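Let me begin by presenting the structure, written as structure tokens, before commenting on it.
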Amino acid sequence: SYGSFSQTWDAENRLVTVTETGSGQTTTFAYDPDGQRVATITPNSVIYSPYPYYEEEVSLMPMGEVGLLDDILTHTPKTIMLAQNYNNPVVFAQPLSRDGGDTAVVRITDVRSDRFTLYIQEAPNKDGGHTTEAVSYLVLEAGNWLLPDGTQLEVGRQTTAATVGPGINNQWLSVNFTSNFKTTPVVISQVQTNNDPYWVKTRQQNSSVSGVQIAMEQDSGRSNVHGAEIIGWLAIEPGTGNWAGHLFEAGNTADVVTHNWHQLNFSQNFAAKPRVAAAIATYDGGDPAHLRYDQASHSPEGVRLYIEEDTVTDSEINHTTEVVSYLAVEGDGILKAIDNGLTQRITYAIAGQTVAVRVTGDPDPANNGLHHLYTDHLGS
């Protein structure tokens, strides 16, 4: 005999509690908004379904900001005051729009805790003066971060003189990630200093879950290694998500981007055109190159970009196919995340009752992970 049972329904918290009449033992079933069971709770255990729905309590730290210089950047240095102070900020401001026809990149200098300076640097065979252009900027505190939706992000900077180019013996800086990426992250890099004022940008290759190779690249006629600079980089898991109120998308194109305009279509459902940071992720073509984008095409659905070569040694600007890495973030303002370099404890609750704790950043790896708690009541 199965005995008799009574049943109650808590609509606010989506809980069904079944009580056995004879013993008084209760079993509570928790459901998500779609009616899928996510947990079975008894006095001695909590059994989770494959896709649990939790009320999550987490402490987010301001760790970055995003913005746009809308047709105001030229060859004259411009200082951007930041909304907050940082201990070790890393700046990404590329690609540059393509309003002016001369070959150009964005150069960053004087990165401080509360500001940074940037300007348009034309290739050495151009006159140096440049019309107004647009560029998005992304400032991130160096470190290991966990976005609220669970996406891993690592930001770093290193000093190097590693340089590649057709006139020198290529030398690459090997960057080793400390985050435990499960898939190859999207990587974007940029020169952070102006110690050597000669024209320069970064190139990348061989991204993997464990690291990436980055180097500086000058123009096609340069035979000297560039002076040592600080190189900044970010590595973020690919995909779409919500960055504490900012929709974002991180991804890599197929190996199809060339000197011709390429349409990059976003899969994220942006309501407004996002700020975009991007870099050439491969080194398939030996001619020095960088990215430019088309302002007129920039929309919530996507943007057009292409690979621009310099014409220092010849007028031929055809470039073979490359992969482009990009990070698109909707809305200006402060970015927040969990500091994965510190011991963090995220609690999860069902109907106000803590049922699990996720620990990250503990010096003892055995303490990290999701720990389920057992409870004999649901709380009030």
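At-a-glance table
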quantity: Output for segment 115-171, where each listed residue is closer than 18 Å to L291 by Cα, in a strand (DSSP E or B) and either out of contact with any helix residue (DSSP H, G or I) (no Cβ under 8 Å at 6 or more places or on another chain) or without any contact (Cβ under 8 Å) to a residue 12 or more places away in the chain (or both); calculated: L118, Y119, I120, Q121, E122, E133, V135, S136, Y137, L138, V164
quantity: Given (1) free of Cβ contacts under 8 Å to residues at least 40 places away in the same chain; (2) within 25 Å of R157 (Cβ to Cβ); (3) surrounded by fewer than 18 Cβ atoms within 10 Å (Cβ to Cβ), number of the condition V212 does not satisfy; calculated: (3)
quantity: Only listed residue being polar (S, T, N, Q), assigned to a loop (DSSP other than H, G, I, E, B), surrounded by 20 or more Cβ atoms within 10 Å (Cβ to Cβ) and out of contact with any Lys or Arg (no Cβ under 8 Å at 6 or more places or on another chain), chosen from S223, S207, S267, S189; calculated: S207
quantity: Number of positions in segment 284-312 that are closer than 20 Å to L327 by Cβ and part of a loop (DSSP other than H, G, I, E, B); calculated: 4
quantity: First in segment 246-263 and in the same structural domain as P148 (by TED's automatic domain parsing), second anywhere and charged (D, E, K, R) and surrounded by fewer than 19 Cβ atoms within 10 Å (Cβ to Cβ), Cβ under 8 Å, 6 or more apart; calculated: D255/D284; W261/D294; W261/R304; H262/R304; Q263/R304
quantity: Residue match in segment 134-145 (condition: at pLDDT below 95 and surrounded by fewer than 19 Cβ atoms within 10 Å (Cβ to Cβ)); calculated: no
quantity: Hits in segment 226-236 (condition: assigned to a loop (DSSP other than H, G, I, E, B) and buried (at least 20 other Cβ atoms within 10 Å of the Cβ)); calculated: H226
quantity: Residue match in segment 155-164 (condition: closer than 27 Å to W243 by Cβ, modelled with pLDDT under 95 and either crowded, with 20+ Cβ neighbours inside 10 Å or among the aliphatic types (A, V, I, L, M) (or both)); calculated: no
quantity: Residue match in segment 116-139 (condition: in contact with a Phe, Trp or Tyr (Cβ under 7 Å, 6 or more places away or on another chain) and of a type in the set (G, A, S)); calculated: yes
quantity: Top-ranked residue of segment 172-186 - restricted to ones that are part of a loop (DSSP other than H, G, I, E, B) and not aromatic (F, W, Y), ranked as surrounded by the fewest Cβ atoms within 10 Å (Cβ to Cβ); calculated: K182
quantity: Residue match in segment 192-200 (condition: part of a loop (DSSP other than H, G, I, E, B) and hydroxyl-bearing (S, T, Y)); calculated: yes
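Here is a yes/no grid of residues against (1) modelled with pLDDT of 95 or more; (2) of a type outside the set (S, T, N, Q); (3) part of a loop (DSSP other than H, G, I, E, B):
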{"site": "V38", "(1), (2), (3)": "no, yes, no"}
{"site": "D70", "(1), (2), (3)": "yes, yes, no"}
{"site": "N87", "(1), (2), (3)": "yes, no, yes"}
{"site": "V111", "(1), (2), (3)": "yes, yes, yes"}
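The values are calculated or read from the model by the stated rules, or taken from the named source; none is laboratory data. This structure is a prediction, so every number in the text was calculated from the model and none was measured. Note that each Cβ is placed from the backbone with ideal geometry, even for glycine, and that neighbours are counted across all protein chains shown.
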